[in-house]
């Protein structure tokens with residue numbers, strides 16, 4: 001008698017999905033957006049006219065990678081209970097692995113404070129976007145929505161303009 005063994009991922013393994021507060025099954029490579037907190041989140045929400053002010057990538061084991069002052073870091077996914085996830089976005093396993101690998105490679109990168117100075121100037125109407133454009137083109141934008149876009153681009157996925165801006169540039 002032949003017995004077929006089906007591998008089972010233990011709870012907490014990277015293959016096991018994270019169950020978000022809203023019930024979504026979040027798999028590695030998914031990104032999430034949240035309201036974001038503090039003055040930075042408020043500034044970004046105002047500048048982008050969006051509910052969301054922060055974005056991050058789920059890497060498995062209940063962990064996310066996010067860009068926050070002063071550097072890109074690993075944090076618990078549960079630290080954003082209000083997160084809205086792209087859990088239904090179709091990703092291949094290879095794309096998920098590349099997104100997570102890129103996110104891990106960015107851990108420790110410096111946070112991008114000049115971006116916020118530019119956003120503040122724009123919100124306060126001290127400068128317009130055209131005057132700031134050369135600054136932003138030279139900037140590496142290591143802020144949370146740019147981190148997500150970078151990770152997805154590494155996997156060959158160009159996020160639609162609406163998706164890239166849904167989190168605002170935090």
- Note on the structure: Residue hits (segment 72-112; at positive phi and part of a helix (DSSP H, G or I)) are none
- Quick one: is residue 77 modelled with pLDDT under 85 and surrounded by 17 or more Cβ atoms within 10 Å (Cβ to Cβ)? no
- Message: Based on this model, can you work out whether residue 65 counts as touching a helix residue (DSSP H, G or I) at 6+ places or on another chain (Cβ under 7 Å) and not in a strand (DSSP E or B)?
- Response: no
- Task: For residue 50, work out the one condition from (1) part of a loop (DSSP other than H, G, I, E, B); (2) within 14 Å of residue 27 (Cα to Cα); (3) touching a residue at least 12 places away in the same chain (Cβ under 8 Å) it doesn't fulfil.
- Result: (2)
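The values are calculated or read from the model by the stated rules, or taken from the named source; none is laboratory data. It should be emphasised that the depicted structure is a prediction, and the values quoted were computed from it without experimental measurement. No Cβ is skipped: glycine too gets one built from the backbone with ideal geometry, and neighbour counts run over all protein chains shown.
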